[in-house]
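Notes follow the structure.
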Amino acid sequence: MLMILKEDMTVVAQRKIAPDIFEMVLTGEMVSEMQAGQFLHLRVPDSSKLLRRPISISEIDKLKKEATIVYRIEGEGTAVFSQLKSGDVVDCLGPQGNGFDLSVIGAGQAALLIGGGIGVPPLVETAKQLHDKGVAVTCVIGFANKEAVILEEKLRRYSDVIVTTDDGSYGIHGYVSTVIDGFDTVADAVYACGAPGMLKYVDSKFENHPHAYLSTESRMACGMGACYACVVHLKGQEDSKNLRVCEDGPVFKTGQIILD
Ligand SMILES: Cc1cc2nc3c(=O)[nH]c(=O)nc-3n(C[C@H](O)[C@H](O)[C@H](O)COP(=O)(O)OP(=O)(O)OC[C@H]3O[C@@H](n4cnc5c(N)ncnc54)[C@H](O)[C@@H]3O)c2cc1C
Ligand code: FES
């Protein structure tokens, strides 16, 4: 079982990077334990909101003890986060979840990272760590339109990046599948995070790939494996509620779970 820490992390900086999308840098001791693809479970600083909000870790700087998260305002909790300023503290549980398994791939090999919309943030640290160990990284990231494009420049530091937009206002007109279906080689490892429709495409496209991984989302309560609010079902075992997104995930191998 992974060790989950509880800490009041301090906001170092916060800025808006696209309409309704914010990037927040937090500092704390738990940064030293963080891995790519894990998430933080943040308490909303508002006593009427009891449930924490899960947000992926986008970047990790262990030297500075800083972690970056990128989130979109969806409702009241994330709206409160967007008001936080440098010096404010946030009660965080983490780092939670299994994260992406980057050990399956090494120098000289190729990785394909696939992201959609607000699923792109965890790919930044993933691309960085893979690049640092000599993996050739390609990112295919899809957005609704030009205004919604985030993190392209950061990903370009570590990878070749291909952007798609649904309306053709930036990059290639179409979905990530438009690009990926045209590739004539298969990467040694595939890592994906995004909306359910995109994950279903990746799950089916790379169903039998030995190293293809999906980062999933589910509504959560405890976020630490105790309440079973976040269960997903294994394929072929629809009656058994046996995997928890918060503890056994959020990353699963393709072909493993039923995607809603
Ligand atoms: C593992 C994981 C990683 C995530 N990473 C990111 C990220 O990096 N950036 C980002 O913008 N969002 C991310 N999300 C989604 C984010 O948790 C929700 O957008 C957020 O909780 C909404 O809270 P709210 O109070 O603003 O919205 P409300 O709709 O008011 O939330 C009401 C309740 O529903 C839950 N909820 C609502 N939407 C979601 C959702 N999509 N997933 C899980 N719970 C939800 C909330 O936690 C809260 O308990 C992630 C979710 C999971 C499970
Ligand atoms: S949220 Fe409680 S077990 Fe996952």
Checklist entry - GNM on the chain, C-alpha springs below 10 Å: top fluctuator among 84, 112, 93? => result 84
Checklist entry - Can you give the extra length, in nm with one decimal, that the chain gains between residue 12 and residue 62 once fully stretched, where that is 0.36 nm per residue apart less the Cα-Cα distance? => result 16.6 nm
Checklist outcome for this item: For the chain, cysteines with no other Cys Cβ under 4.7 Å from their own Cβ are listed as 92, 139, 193, 230, 246
Checklist entry - In what sequence do 254, 138, 178 fall when counting other Cβ within 10 Å, fewest first? => result 178, 138, 254
Next on the checklist: Please enumerate, by chain and number, the lysines with C-alpha under 30 Å from the C-alpha of residue 49, excluding those fewer than 8 residues away in the same chain.
Outcome noted: 6, 16, 65, 85, 241
Item to check | Calculated from backbone phi, Karplus (6.51, -1.76, 1.60) coupling profile of the stretch 163-175 in Hz, x at Gly/Pro | outcome: 9, 10, 10, 4, 9, x, 6, 7, x, 8, 6, x, 9
Checklist entry - Can you list the HN-Hα couplings for the stretch 58-74, worked out from phi with the Karplus curve (6.51, -1.76, 1.60; θ = phi - 60°), rounded to whole Hz and with x for Gly and Pro? => result 8, 9, 10, 10, 5, 5, 7, 6, 10, 10, 10, 10, 10, 9, 10, 5, 10
Next on the checklist: Please check: in the Gaussian network model of the chain (C-alpha springs, under 10 Å), which one of 39, 206, 143 has the largest mean-square fluctuation.
Outcome noted: 206
Item to check | Amide H contacts under 5 Å for residue 137, placed H, 5+ residues apart | outcome: 111, 160
Checklist outcome for this item: Listed with the fewest Cβ neighbours within 10 Å leading, 172, 55 appear as 172, 55
Checklist outcome for this item: For the stretch 124-141, in residue order, the Karplus 3J(HN,Hα) values (coefficients 6.51, -1.76, 1.60; θ = phi - 60°; whole Hz; Gly and Pro = x) are 5, 5, 4, 4, 4, 5, 5, 4, 4, 9, x, 7, 7, 10, 10, 10, 10, 10
Checklist outcome for this item: Final fewest-first order of 3, 30 on the 10 Å Cβ neighbour count is 3, 30
Checklist entry - Just for the chain, what percent of DSSP beta bridges are antiparallel, to the closest 5? => result 60
Checklist outcome for this item: Taking placed amide H atoms and a strict 5 Å upper bound, the residues 5 or more places from residue 116 or on another chain that come that close are 142, 193, 194, 195
Item to check | Interchain or long-range residues, amide H under 5 Å from residue 169's placed H | outcome: 146
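Since every read-out is calculated from the coordinates, none of them should be taken as a lab result. All figures in this text were calculated on a predicted structure; none of them were measured in a lab. So basically every Cβ, Gly included, is an ideal-geometry build from the backbone, and we count neighbours across all protein chains shown.
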